[in-house]
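Q: I'd like to ask some things about the structure below.
The values are calculated or read from the model by the stated rules, or taken from the named source; none is laboratory data. Every value quoted in this text rests on a predicted model; they were computed, and no experiment measured them. Here the Cβ is made from the backbone with ideal geometry for all residues, glycine too, and neighbour counts use every protein chain on show.
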Amino acid sequence: MAAAGTEKRRWERRVPAHPVRVTAETEAIAGATGEALNLSDGGACLALQNGDLTVGDAVILLLSFAGPAYTGPRRPVPATARIVWAGGGWGRPRYGVEWTHEGPQRSWIGWLARV
């Protein structure tokens with residue numbers, strides 16, 4: 001077992017170069033909104049308002065990317081995830097999510113986080 005603080009992450013976290021707006025919904029909650037604080041190939045850290053999500057919840061996310069390098073249509077990128085941790089965060093709860101989907105949007109999320 002690794003000493004506390006020495007565990008290596010499986011995925012490199014990236015702070016998006018431009019804001020990434022997020023809308024999240026579960027079976028019980030529709031319309032939690034906020035932003036992605038960081039993204040990785042394995043998941044994200046989200047700061048959300050209007051939601052009371054619980055560890056284990058399955059969520060449907062719509063991620064809206066902006067920035068000068070992204071010139072395509074401003075359609076949100078859909079994703080599905082599971083809440084793996086929840087905590088406070090200066091007025092907006094923060095949630096760690098792990099992607100549960102496969103498909104091209106996983107690579108889009110990684111690319112769009114870097115531009």
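Q: What are the pairs with Cβ atoms under 6 angstrom where one residue, in region 43-60, is free of Cβ contacts under 8 Å to residues at least 60 places away in the same chain and the other, located anywhere, is part of a loop (DSSP other than H, G, I, E, B) and hydrophobic (A, V, I, L, M, F, W, C)? Sequence gap at least six, or different chains.
A: From residues that are free of Cβ contacts under 8 Å to residues at least 60 places away in the same chain, the pairs are GLY51/ILE29.
Q: Let me ask something else. In region 28-42, what residues are touching a strand residue (DSSP E or B) at 6+ places or on another chain (Cβ under 8 Å) and without any contact (Cβ under 8 Å) to a residue 24 or more places away in the chain?
A: Selection gives GLY31, ALA32, THR33, GLU35.
Q: Here is a further query. Within region 82-106, take every residue that is of a type in the set (Val, Ile, Thr) and either touching a Ser or Thr at 6+ places or on another chain (Cβ under 9 Å) or assigned to a loop (DSSP other than H, G, I, E, B) (or both) and give me the one that is modelled with the lowest pLDDT.
A: Ranking the candidates gives THR100 first.
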